[in-house]
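**Student:** Please find one structure pasted underneath; my questions will follow.
The values are calculated or read from the model by the stated rules, or taken from the named source; none is laboratory data. Given the structure is predicted, the values throughout are model-derived calculations rather than measurements. FYI the Cβ positions are ideal-geometry reconstructions off the backbone, even for glycines, and counts take in every protein chain you see.
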Amino acid sequence: MLTAKDLTLLNQIEMHCEKCIRACVYAKAVNCSSVNMWAFTQNCFAEAAILHWCKVFGSNNEPTHYTKYFKDNCISMPDGSKLTMDLVRSRLYSAANMTEDEYNKFWKNLKKGRDQYFVHNEFSIPKRGKFPDLDVLKRVAVEMRNVIYDVVSHEKSEDLERHRSFQAFLFVNQNNKYLQDLKSDCAQFKSMMKTNTRTEPGA
């Protein structure tokens, strides 16, 4: 049974995943530009992707870390399986195309970079985390949205109206449609980048 608190938490997790995916897609759309404005824009999108990802998949202490819901819940699926935290983790590893050990190594590097560069600026540390593959972040966030859709679609709730509203949003805004909508945004970015050329001072 989904409580009002559960719905709020799942909504927040979904929101951070959605923003992470958007930032990953936008960062890729504006890459490889020699114009400072677009290079800076790419860095901003990449930073946003990392920060939103870490709010769901970073430290367990994060209020919106996915374990805050799944550690105490087991959802029955129509195929007879149980959506436990172990199964959720397995789905995330699969989405990342990594083994558990590879994922944990990736996670440690990402969190190290987030802590030492994006949240703080520990400039004196010689070996900071390497910049992560944003495609991995996107795939993991996409899968978490799928997981949340499974939960909301198959669990009952004490707040029926809010549950129906969240479920309707997830149904209309499923990943295939969401990613397709983002492609349109990327096309606009590409068009803007073509018309935005560097103008030399005094020209």
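**Student:** Looking at Val147, Val119 in this structure, which one is modelled with pLDDT of 95 or more and within 22 Å of the chain's Cα centre (by Cα)? Lay out the reasoning, then the answer.
**Tutor:** Working: Val119 fails: modelled with pLDDT of 95 or more.
Just a single option satisfies the conditions, and that option is Val147.
**Student:** For residues that are assigned to a helix (DSSP H, G or I) and in contact with a strand residue (DSSP E or B) (Cβ under 9 Å, 6 or more places away or on another chain), scanning just the range 1-24, find the one that is nearest to Asp72 (Cα to Cα).
**Tutor:** Checked the range 1-24; the qualifying residue nearest to Asp72 (Cα to Cα) is Asp6.
**Student:** What's the total number of residues in the range 33-69 that are in contact (Cβ under 8 Å) with a residue 60 or more places away in the chain, over 19 Å from Arg114 (Cβ atoms) and either buried (at least 19 other Cβ atoms within 10 Å of the Cβ) or of a type in the set (Val, Ile, Thr) (or both)?
**Tutor:** Looking only at that region, the number is 2.
**Student:** Next up: Condition test on Val30, is it of a type in the set (A, V, I, L, M), within 30 Å of Met193 (Cβ to Cβ) and either surrounded by 18 or more Cβ atoms within 10 Å (Cβ to Cβ) or in contact with a Gly (Cβ under 6 Å, 6 or more places away or on another chain) (or both)?
**Tutor:** Yes.
**Student:** Right, something else. Can Glu14 be described as among the charged types (D, E, K, R), farther than 30 Å from Lys194 by Cβ and surrounded by 18 or more Cβ atoms within 10 Å (Cβ to Cβ)?
**Tutor:** Taking the combined requirement at face value, the residue satisfies it.
**Student:** Still on this structure, please answer the following. Quick one: Asp79 ticks every box in (1) within 19 Å of the chain's Cα centre (by Cα); (2) under 20 Å from Gln174 (Cβ atoms); (3) surrounded by fewer than 20 Cβ atoms within 10 Å (Cβ to Cβ) bar one, so which box is it?
**Tutor:** (1)
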